[in-house]
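Enquirer: Sharing a structure, written as structure tokens. Questions coming.
The values are calculated or read from the model by the stated rules, or taken from the named source; none is laboratory data. Predicted model only: the values in this text are computed from it and were never measured. In this analysis, Cβ positions are derived from the backbone assuming ideal geometry, glycine residues included, and neighbour counts consider all displayed protein chains.
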Amino acid sequence: MTLAAKQPLELPIDGRQSETALAVGRGTARLLHAHGFSVVSELPLPSGRRADLVALDAGGEIWIVEIKSSVADFRADQKWQDYRAHCDRLFFATCIAVPCEIFPKDTGLIVADAFGAQMICEAPEHRLPAATRKSMMLLFARAAALRLQSLADPAGPYGDVT
């Protein structure tokens, strides 16, 4: 196959997120990248929860971003408090239609659309213990590597790489 004939690799849509949540996630990932972070979405955590976005910078700092696409989405889901044990900073990301006042004051806040995002409120820092940081970095690295390999080899023996 020539270089001109290669198709870009595309992530499969898993159907769990609304169109709004997907747009907020995309814009938020762009903002995180601009701040020097790499991002993995839908990362299973040791607690059994699944974080919407986990971001890792070159210094090993870990942020988790919980996406909320509506007021009802926020009110129906209180599992976000469990994410604190797995990150240095915890953020919510939402769209402009959701009032910022509903989000907890002890978390960061990002407002996003499909094209970008703005950090409205910085999240307070609560540094992870070294063992937890190492565990999270390994989870992040393995998930990213397995997802990339499964895109390059869709018929390979990688199992569920979400």
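Enquirer: Please verify whether Asp153 is in contact with a Ser or Thr (Cβ under 9 Å, 6 or more places away or on another chain) and either charged (D, E, K, R) or farther than 26 Å from Ser18 by Cβ (or both), treating the condition exactly as stated.
Expert: no
Enquirer: Moving on to the next point. When you look at Gly15, is it surrounded by fewer than 20 Cβ atoms within 10 Å (Cβ to Cβ), at pLDDT 95 or above and not in a helix (DSSP H, G or I), yes or no?
Expert: no
Enquirer: Taking the residues in region 59-89 that are out of contact with any Phe, Trp or Tyr (no Cβ under 9 Å at 6 or more places or on another chain) and acidic (Asp, Glu) as candidates, determine which candidate is surrounded by the fewest Cβ atoms within 10 Å (Cβ to Cβ).
Expert: Asp77
Enquirer: Which count do you get for residues in region 121-162 that are of a type in the set (A, V, I, L, M, F, W, C), modelled with pLDDT under 95 and farther than 23 Å from Leu32 by Cβ?
Expert: Residues in region 121-162 being of a type in the set (A, V, I, L, M, F, W, C), modelled with pLDDT under 95 and farther than 23 Å from Leu32 by Cβ: 2 in total.
Enquirer: Before we move on, is Pro129 in contact (Cβ under 8 Å) with a residue 24 or more places away in the chain and not β-branched (Val, Ile, Thr)?
Expert: So Pro129 fails the test.
Enquirer: Mind telling me which of the residues Phe74, Phe140 ends up being closer than 20 Å to Ala23 by Cα and aromatic (Phe, Trp, Tyr)?
Expert: Criteria check complete, one pass: Phe74.
Enquirer: Just checking, which of Leu109, Leu138, Leu128, Leu146 is assigned to a helix (DSSP H, G or I), aliphatic (A, V, I, L, M) and either surrounded by 12 or more Cβ atoms within 10 Å (Cβ to Cβ) or touching a helix residue (DSSP H, G or I) at 6+ places or on another chain (Cβ under 8 Å) (or both)?
Expert: Leu146
Enquirer: Out of curiosity, is Ala123 touching a Gly at 6+ places or on another chain (Cβ under 6 Å), within 23 Å of Phe140 (Cα to Cα) and surrounded by 15 or more Cβ atoms within 10 Å (Cβ to Cβ)?
Expert: Answer is yes for this residue.
Enquirer: Right, next: Where residues in region 90-106 are touching a helix residue (DSSP H, G or I) at 6+ places or on another chain (Cβ under 8 Å) and not hydrophobic (A, V, I, L, M, F, W, C), which of them is surrounded by the fewest Cβ atoms within 10 Å (Cβ to Cβ)?
Expert: Result: Pro99.
Enquirer: In region 149-161, what residues are loosely packed, with under 15 Cβ neighbours inside 10 Å and part of a loop (DSSP other than H, G, I, E, B)?
Expert: Across region 149-161, the qualifying residues are Asp153, Pro154, Ala155, Gly156, Pro157, Tyr158, Gly159, Asp160.
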